Structures are given as C-alpha cells and as structure tokens.
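The values are calculated or read from the model by the stated rules, or taken from the named source; none is laboratory data. All values reported here derive from a predicted model rather than from experimental measurement. Note that each Cβ is placed from the backbone with ideal geometry, even for glycine, and that neighbours are counted across all protein chains shown.
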2 protein chains.
Amino acid sequence: MTVDYQAKYADNVSERSKNRFINTFYSFDIPEGIVKHANPISLGGGTPNEGFFPVESIHLNLIDEPFQHLSYEKKSPLTNKTDINVKEQIHELTNAASTYRYTENPAEEVSIARGFQYGETDGFPQIKKFARDLIEETNKPAYNDWDVIVANGSGDSLHKVADLFVDKGSTVLVEDFTFTPFNTGVANLGGVNIPVKINFKNVDNDPDFDYGVDVAFLEDLLDNWGADEAHYKGLSKPKSFYCIPTGQNPTGVTQSQEKRKQVYAICEKHNIIIIEDDPYGYIVLPKYSKGGANPYASPDFSIEKYKKEFLRPSYLQIDTSGRVIRLETFSKLFAPGLRLGFIVANKYLIQRIFVHTALSTRQPSGVSQLVFNSIVKQWGGVNGWIKWASKIAKHYTERRDVLLTELYDTEAYKKGLFSIVEPDAGMFIILFVNFDKIITDPKKWDNAFTQMKYLSLKYGVDVVYGNKMASNLDKDFSLEKSNFLRITIAAANDNAQLVEAAKRLSDTFIEFFEKLEAGEFNAALDAE
Amino acid sequence: MTVDYQAKYADNVSERSKNRFINTFYSFDIPEGIVKHANPISLGGGTPNEGFFPVESIHLNLIDEPFQHLSYEKKSPLTNKTDINVKEQIHELTNAASTYRYTENPAEEVSIARGFQYGETDGFPQIKKFARDLIEETNKPAYNDWDVIVANGSGDSLHKVADLFVDKGSTVLVEDFTFTPFNTGVANLGGVNIPVKINFKNVDNDPDFDYGVDVAFLEDLLDNWGADEAHYKGLSKPKSFYCIPTGQNPTGVTQSQEKRKQVYAICEKHNIIIIEDDPYGYIVLPKYSKGGANPYASPDFSIEKYKKEFLRPSYLQIDTSGRVIRLETFSKLFAPGLRLGFIVANKYLIQRIFVHTALSTRQPSGVSQLVFNSIVKQWGGVNGWIKWASKIAKHYTERRDVLLTELYDTEAYKKGLFSIVEPDAGMFIILFVNFDKIITDPKKWDNAFTQMKYLSLKYGVDVVYGNKMASNLDKDFSLEKSNFLRITIAAANDNAQLVEAAKRLSDTFIEFFEKLEAGEFNAALDAE
C-alpha cells in the first residue's frame, strides 16, 4: 500500500514551502510515439563539455587512523606543534584514493567528468545510494517508502527544515537547552520556539537517570495547548519538534528507547513531525570508569558489534508513519569543510526540500561529493565508513576518558566546586558549577558566568556557557538548571592539551569561588 | 570620505533581508583590560581537530590546455569516445598541484587542516583575495569601499540577490528575454518581474546595431511609472534591475559602453540597483569571418592585450555610487561542480548577503575552495587564471567559428529558412526561424516550436526555444521577436559534433518548413 504523505502531512508544512514552484525553460511534454534519434547532440543547456575542466586526475593520500601523523618518525618544525615533514612522509602512506577524468565503473565511482559537472539537485546517485545503504545498515525505518536528499552539511539542512515547517506565527517545539542556531532560524522565519523541558542534571551519575524529554511535561503541554497563558493561549499548535536525542547538544546524553517510544506516541496523537538532528550519534562513548579499558580497542570489538550493541537506535526505527525527519552530516566524522550531509524523511517532505534546493543552493558541491565518494569507496563502501566512524569514536572515547579522569582529579572538583554529567555520545561534556548555594537567585547566574568568562580568558581555557544555549531562560524550569558549562573533547590537539585544560578549568573555578565568597562580584552580580 | 551605503540603499533592500539577524551562543563582549592567556585551549565550539580528517595530501594533475586529452597518444576504449588510458597517461603530465595537511605559506595556500575545517561565512581569505585581485585587474569599480563575498556558484548568488531585493509585491526589472530561473526566484518570493525591452534581432549582422536595453523604453517606463496600465498602475516602483550585459543569455550579444552609461544614468535618477550577472564575460568571441584566423592563436596575442582590448568593461567601471551588484562564477571557466562564485557590491549589500549566508548555506564548500586555490596558485595566481580564461575563450572562438561556418553553409540557411545573430561573447548563438511570414500570428509560434521540437528529437539535435526564455510573452514587444532558437557551443564533445549538429538542424528546418507549407501543422498551430 502506498501512503499519500502529501495528504497526511500537508498541514504540517509551511505555506511558503507548499507554494514553492520551479519552472524550466527547456521542458516539453513529449507525446508517445514521437521518433527519437539514438545519439542526439546537445546544443541545449549551457553545460560546458568536460574537456574544459582543467583537472585530469585527483589522488588523495589517506591515513588509516585519526591522528596517525602524530606518530610519524620524521617531524618538521611546522604544523600543530607536533608536525611532520609532510612532503617526505606522504610517500610512505600506502592508502591512496585516485579519481580520473573517466571511469570504467560509473555506477560506483564519481569521475572528474561527472563530479566537476552540474549534478543532480538531490546529490549524485552514488552519494544518495551511500546514504540509503548507511540508513539500511544502521537505522532502517519502520516504514518502506522513505527517501533521502543530500544537503550542503547540517547547517543547510537545518535551514531547509526550519523553512519546511515555519510560517510567520508558527510554533516549533524545541528542547529547552539545544543547538540554538536552529531556534534563531525559526525566529528569522517569524516562528516561535516553544521549549520542552528535558532532564539531564544527573550530577550523581545515577545509572537509571531518565535522560531527555520530560514526558509528563510534553503531554500536559500538548493536551492542554491554548488553555491558558502557561499553555500558550493564542498561539497556533506546534506541528514539529526539533530534538537531538543522541549525544544531545549541549548536554552530551542520550534518550532511552523507551522514552523515544513515549515521545513518538505523543507526537502521533498530536500530529507532530519529529526533526531528529543527529550529528554525533556514531560517536558512542561507553560508560566511563577510571583506568578502564577502551572498549573500541578490545580484541572482541567488531563492526557488527558496534552496529548492534554500541549504536543507539534512531527515531526512524520506530517510525511507522513517516513522521520523522532525520538529519545526518559528514562534518563530524569526516570533515566540516566538505559541507555534505543528508536528510531522511517521507517522500513528500523530501520533495518539498528538493524544490527549495532547486531554487536556492541547486546542489551540494560536486567536488566535495567526488572526494567523499572516492575515499569511502577506497575504504570499502558503507561498512568501511562505519569502521572509520568507530575509529573516530575510539579516539573520542579516549579523549573523554582522559578529560574526565583529570577533571575528577582536580582540586576544584575535590572541593565540590563543580559536578560532572558523564556523556554517553558525541563530543560534549557538561559541568554544573555549584555556585547555586551562594548565588541563590538564578537570574544572577548570567552575570556570574560573565565574571567566570573573564577569568577563563586569563587562565586560557575557552568554554561555552550553558545558559547561552537555553531556548528561553524566562522559563523557570530552564533557568534553574542553567548553571552549567559545555566543554568539548573535539578541538584539542592531543591528550596533553586536555590534561592542561582540566588544570586551567580548575584554576578558573578556584579563583572564581574565592572572589565570589569574598564578595568581589557583588556589584557585578547585581548589574542589569 | 566613507559613504553610508546602508542609509543610501536601505529602501532598495527587502524587509526580509533587513530584518534578518544572527545570534551566537558563544559571544561575549570582552571589556578592555581583561587579561588574556597567550595560548588558550579551546573546549568551546564543536570543531573537530584536524587530526580527525582522513586526508593527508591531495594531488591534482592538471592539463595545460582544454581538451588536451584528445591529443594523447595512448587511448583506451573508455570515455567520451576519444579516450585514453588515463592511469598510464597521467604520469606524463608535468603540471601537478599538491596540497598537504599543513602549509608553510598559510597566507596563500589553503592546507587540508584549514580547507577541510569549518571556514569563514564569506569564503576563505585566500579566495576573497583572489576575487578582489581579479576585479582590480579586470573591472576596477569607480568607487573605493566595495566588498566581495564568496558564494556557492551563481545559482546560490542569484537566489540570495533576489532575496535581497524582493518582498511580496516588489517589482524587479528584467530583460525581456533572460535567464528565467532568476525570474522564477523572484516570483517565488512574491515579486513581479517587469520586462525591459532589449534589442538583439540583428539578423543582417549590422556592425552598428545597438544591442541591449532599449533606452527610450526604459526611460518612458520609469519616468511614467504608475501613470496607466501600460506603466503598471498600482504596482510599486522597481528598485532593482537584473541584467546580463555581456554575452547575454539567451542572445549572445553585448551592450556597448555608451549604452551602459545611459542605463546607469537612468538607474541613478530612479535609484535602481543594477544586478549585473556575468557568467560568460571572459569568453570574448572576436568578430567572425569565414576562414578567418583565431585572434587568440595570433603571435601578438597576450594577456595584457586580452585584458585591455578583448574584455568588455563591467558596469562596475562606471559605478560611482555603489549601485552595481556584480555576480561572477567559476562554473563556466573552470567547473560547475565546484559550486563556487563571488559577488561584488557595496559593503552594506554584501553584509546583508553575509547574514543570509550565515543563516542558510553557512559557507561554500571548503574542499571546493581548497581545490580551486591549489590550482590557481599552481597557475601563478590571478594572471594565471586570466590566462586560463583566455585559453577557454580561444576554444569557444574556434567552436563558434566551426559552427557558424557550417550553419551558413547549410541548405536550410541558403534557402532562407533561418537567420543568425552572431554572438560576441559567451556560449550561446541565436537563430531566428523565418516562419513569421507564413505563421503571421505570433501567438501560434509556441505551437510551431512544439512541432519543431518533435522533429529535432527525430534528427537528434537538442536546442532551447527562445520563447521559453521570455520574461512575459503577453508583451507584444517580446512576442514579436520570440521566433528564435538558442544553441550552445559549450556542450559538444568536439568540432565534428558541431558539424554534425549543423546538418541535423538544417534537416530539421527543411522538414519543418515542408510540412508547414503543406499545411500539415494547421491543426497543431491552432491548438489552445
């Protein structure tokens, strides 16, 4: 049975998106029976012949493992402080991905003649197939006629998805702490972000903590929508919910499968589309234990095990109605500069994004697609990619372990100045700063963080302040848990930097609390 | 003196663009005097360390001349019918552009660590500098404080520029035959395209023909705007004018400098922004003469001569007020798959496009920018690029000469079935089909072209029908010159294909006119 997703979800889609149209100056309806030449010559579209492209071949030297260059024998004074004589070293690499002007295998390879040419609006077929195969391997949807579109990275995807659901006056559910650039996009379209309470303040690291959406809150919000001021009287009912259920940003924690089923059921009841943003889901961080082994380095680790036991299931796996729109990106596992990612959803939603793309970005970079495809093919396709993802996750796990071990060992931690919420996926860790017993009015916490920021500049450690990632700090349920920092294990050059960063953080906290307790911040805390 | 372009042009800019805003969750105002560590460690943004990027080096083998592979000695059964044993051949190329994880020359080179990372919203500084230098070399604006932004190809630029000027109900001046995807973009934003009559039907190839905007038409249109139905009574006055003054699409012809001065003066008077789209301007096609030499192959050809005598000046060169927004692309001279181009305008307009970019595409592909920069650097920078452009133009000139010679020699031409407007830049040639004496009602020409399309499918030659590229065929001044085809010299594999295409076109015209004169199309021409 084919489901009519347009009929089912047209009410969820913005008027702007529904009304968008494309025209081409070269389209004709060709009736049946018209005789066609077997080898037509094009004097039509302004497509340069590939003979004009100046590149004959591309050779990409690959490493087998992230940070392989740190162990090169020959080093140069250059680069990243750890460096290498790259030109010399490079020829010792045995793993090269090559692409030529033409290919004998056009189904799998993107040649230069193809990749440097105008390409399909929704991505080259090779990349679309990769995306489909990856989803089949890791997060097969619970319905059949889903589709994919390749996008220019998740920034582009988030913009197009906000555009898909938001007219002036539309409301969108968002987690109460989240990747707020999405919220800014919604606001720019005239939409209103409605925060949904999420639970993450597990400072005791209770293994049974119920991370993520507060289900009772969400039920009450939607069941009683419009009943009173607290339930947004006068605003239209939300039609979409933006969330990051795995390795959430900023909190670093992951919703249980049971929780997802509950949230999905509520969204079914109220006809809400779930926008599942998952930039970090493949970076699974196994449970931390001090001095514990890295499970990715275990002899019994395998890709099959990674897929079945490590990876957490997407909302797609419980999506029987085509109500989930999932965003993946190649930025975090491969390289942000590719500006490549993809979107999975029902055919109607993908088709509306297709039209938006045809009118704006036209297509993702063909050169990025060629480079990506060439490398993934060299790795052995989808399972090679998944293997690479597990190598990335191995390194993130090691980094997380190094940083947590150091943080637990700091003087500031031992003094109780901060608490740690251990992350289970992604690249972020949050630290609650325990100044709430001293600064009892949470409205002053933003001023406190400003003072902490100045100290962190002195000690030389850059962090993100959690309150800046709140969807709406006027909500008490957000304000009262806004006293945390988000730190990342992604950017540091090596473990030594993480060790040093922990020390600098500790120094920052210690001086902050000394000055706080001495009353030195009193005027600053009271500032408007 | 600094001009306040915001004050000067805010009324030209759409409300959507003016109101667009960005927020970041990591911004703080840092007061003076705050002590900063000399070597801060970032635990802030979710930017993966470059050690996670799997590529150690990139090597691009370059050709010295377009279509160089056609003359390789060793050929394989592969590719484009002419092919080559690429893997063998490639090592004979001496011209390779290499990029490594790190560089000792970060001011000029985009390393992998940089190019694969998140980058600047408006493009890497190296590409911005290239764009600035190119404009300085070829089309220096007549004012000083202009700016550039790198975009994802001209499709992206056109979208962002339409967004910049069009609210619901806005009017935009467009040439009456043009690259209509821009018009579709305007319509999707709720704007109204207002056709400006342009002159191009120079079927006698009069050397003094006054190509381009009909100045009297434009003056009357704007001086009497709103006076009556013909002058769009009830519609708001246009604030921008989209045009392709050099190698116009579809017509292939170029406006004189004198004409540009007249148009600029009118736009000054009525405060209209000139959107100058110039994807083909570097492909200058010198005056055709049968059997004549290719001036690009002449011994006295030089890059200095190309810049000074061949290239036609942009509107920028007469822009004293910062009212021109110029769009360039690397698609036609290098490769469309890069999805790279740039926009030149005053700082205020560039800043509004910057904000749009920050909220949508975020940045052009870093990999595309790296590849482009690596190759241009290998060519010797801006003047190396201009040299490459002249090589492309040389090949287009040869192709144009081959096709015109063949077309003039066809039976159909000798019978007077079509006329040729010789192009002077770009990749397009238009042919007027002389059925207007037989089908005297131009409203039937679209049906005539449909019949011609069917025949062209049989003969195997694909063309674009000029009437499909009209801004508004309800205007008599457009309808009465809509009986032309647009053909391109860009797509063919080689000269032999162009020769064959001319023959096929001739066959198509001959059968078309035979059937037309025999009355076989009578019913089809009368169809609604």
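Details
- Unique match (being crowded, with 23+ Cβ neighbours inside 10 Å, farther than 30 Å from residue B:335 by Cβ and among the charged types (D, E, K, R)) among B:206, B:176: B:176
- Which listed residue is within 11 Å of chain A (Cβ to nearest Cβ) and surrounded by fewer than 21 Cβ atoms within 10 Å (Cβ to Cβ), from B:379, B:385: B:379
- Residue check, residue A:194 away from chain B (no Cβ under 14 Å) and within 19 Å of the chain's Cα centre (by Cα): no
- Residues that are facing chain A (nearest Cβ under 10 Å) and over 18 Å from the mean Cα position of the chain (by Cα) within the range B:334-356 comprise B:355, B:356, listed in sequence order.
- Residue match in the range A:473-483 (condition: assigned to a helix (DSSP H, G or I), of a type in the set (S, T, N, Q) and in contact with a Ser or Thr (Cβ under 6 Å, 6 or more places away or on another chain)): no
- Candidate set from the range B:322-333 (those that are among the basic types (Lys, Arg) and within 12 Å of the chain's Cα centre (by Cα)); member that is farthest from the other protein chains (Cβ to nearest Cβ): B:326
- Counting only strands (runs of 3 or more DSSP E) wholly contained in the range B:180-289, the ones carrying 1 or more residues that are touching a Cys at 6+ places or on another chain (Cβ under 7 Å) and hydrophobic (A, V, I, L, M, F, W, C) occupy B:240-243, B:273-277.
- Residue B:245 vs. criteria at negative phi and buried (at least 24 other Cβ atoms within 10 Å of the Cβ): yes
- Number of the exception - residue A:293 against (1) crowded, with 19+ Cβ neighbours inside 10 Å; (2) assigned to a loop (DSSP other than H, G, I, E, B): (1)
- Test for residue B:50: is it in contact with a Ser or Thr (Cβ under 9 Å, 6 or more places away or on another chain), touching a residue at least 24 places away in the same chain (Cβ under 8 Å), of a type outside the set (Gly, Ala, Ser) and within 27 Å of residue A:375 (Cα to Cα): yes
- Subset of the range B:1-44 (residues that are of a type in the set (Ser, Thr, Tyr), surrounded by 10 or more Cβ atoms within 10 Å (Cβ to Cβ) and over 30 Å from residue B:191 (Cβ atoms)): B:24, B:26, B:42
- Taking each residue of the range B:21-39 that is of a type in the set (Ser, Thr, Tyr) and looking for partners that are at pLDDT below 95 and part of a loop (DSSP other than H, G, I, E, B) with beta-carbon atoms closer than 9 Å, six or more apart or interchain, yields B:26/B:44; B:26/B:45.
- For the range B:130-156, a residue qualifies if it is under 18 Å from residue B:107 (Cα atoms) and within 14 Å of another protein chain (Cβ to nearest Cβ), and exactly one does: B:150.
- Here the condition is being farther than 30 Å from residue A:506 by Cβ and assigned to a loop (DSSP other than H, G, I, E, B); of B:29, B:64, it holds for B:64 alone.
- Among the criteria (1) basic (Lys, Arg); (2) in a strand (DSSP E or B); (3) more than 22 Å from residue A:203 (Cα to Cα), the one residue A:515 does not fulfil is (2).
- Some residue of the range A:517-524 being within 30 Å of residue A:281 (Cβ to Cβ), free of Cβ contacts under 8 Å to residues at least 40 places away in the same chain, not aromatic (Phe, Trp, Tyr) and not assigned by TED's automatic domain parsing to the domain that holds residue A:194: no
- Taken across the range B:82-100, residues that are modelled with pLDDT of 95 or more and assigned to a helix (DSSP H, G or I) do not occur at all.
- Scanning the range B:432-471 for residues that are away from chain A (no Cβ under 13 Å), touching a residue at least 60 places away in the same chain (Cβ under 8 Å) and not in a helix (DSSP H, G or I) turns up B:432, B:433, B:435, B:438, B:439.
- Residue that is farthest from residue A:478 (Cα to Cα), among those in the range A:179-191 that are facing chain B (nearest Cβ under 9 Å) and crowded, with 23+ Cβ neighbours inside 10 Å: A:185
- Some residue of the range A:272-290 being at positive phi and surrounded by 15 or more Cβ atoms within 10 Å (Cβ to Cβ): no
- Options A:491, A:524: the member that is surrounded by fewer than 17 Cβ atoms within 10 Å (Cβ to Cβ) and among the aliphatic types (A, V, I, L, M): A:524
- Residue in the range A:315-334 that is on the phi > 0 side of the Ramachandran plot and either modelled with pLDDT of 95 or more or assigned to a strand (DSSP E or B) (or both) present: yes
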